[in-house]
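Worksheet for the structure shown next.
The values are calculated or read from the model by the stated rules, or taken from the named source; none is laboratory data. This structure is a prediction, so every number in the text was calculated from the model and none was measured. For neighbour counting, all protein chains shown are included, and Cβ atoms are generated from backbone atoms with ideal geometry for every residue, glycine included.
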Amino acid sequence: MDTKFINMNGYSKDDFFFLRVNGHSMEPTIADTDLVLIHKQPTVENNEIAAVMCNCEYATVKRVMTTGDKIILSSDNKEYPPMIYESSECYIIGKILKKIGDVK
């Protein structure tokens, strides 16, 4: 990865990480086995895509919507229903910035 991107705006390489996506819930936006670049941050705007940890069990990549004391995690693939949690059950790991995937 081009380190000039990382050093912009005072960030360091420790502020970012890559995650390999497993599953089809975010298709067509993000495909199974795509790599996503994540900026570590505890919040995102509504409808942005983020890596989220829920119930300290698993991390998921979803669109995030917060309303009151609820967090709604939505898939871009309409075959997957939204997941609704109490805000206290989940935390945002970081915002998805880029994806790297195979040409199909």
Is it fair to say THR66 is farther than 16 Å from LEU19 by Cβ and assigned to a strand (DSSP E or B)? yes
Residues being touching a strand residue (DSSP E or B) at 6+ places or on another chain (Cβ under 7 Å) and surrounded by 13 or more Cβ atoms within 10 Å (Cβ to Cβ) - total across the range 60-69: 6
Here is a list: VAL44, VAL52. Which entry is outside any strand (DSSP E or B) and of a type in the set (A, V, I, L, M, F, W, C)? VAL44
Taking the range 84-97 and keeping residues surrounded by 14 or more Cβ atoms within 10 Å (Cβ to Cβ) and closer than 17 Å to THR29 by Cβ leaves GLY94, LYS95, ILE96
Filter the range 69-87 down to the residues that are assigned to a strand (DSSP E or B) and either on the phi > 0 side of the Ramachandran plot or of a type in the set (Gly, Ala, Ser) (or both) and list them by number. SER74
When the range 88-104 is examined, which residues are found to be free of Cβ contacts under 8 Å to residues at least 40 places away in the same chain and not in a strand (DSSP E or B)? SER88, GLU89, VAL103
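Among the hydroxyl-bearing types (Ser, Thr, Tyr) and in contact (Cβ under 8 Å) with a residue 60 or more places away in the chain: does that describe THR60?
Judged against the criteria, THR60 is not a match.
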In this structure, is THR29 part of a strand (DSSP E or B), surrounded by 13 or more Cβ atoms within 10 Å (Cβ to Cβ) and among the polar types (S, T, N, Q)? no
Output for Cβ contacts, cut-off 8 Å, separation at least six or different chains, first residue hydrophobic (A, V, I, L, M, F, W, C) in the range 76-87, second surrounded by fewer than 14 Cβ atoms within 10 Å (Cβ to Cβ), reads ILE84/LYS70
Could you tell me which numbered condition ARG63 fails, if it satisfies all but one of (1) out of contact with any His (no Cβ under 6 Å at 6 or more places or on another chain); (2) at pLDDT below 95; (3) not β-branched (Val, Ile, Thr)? (2)
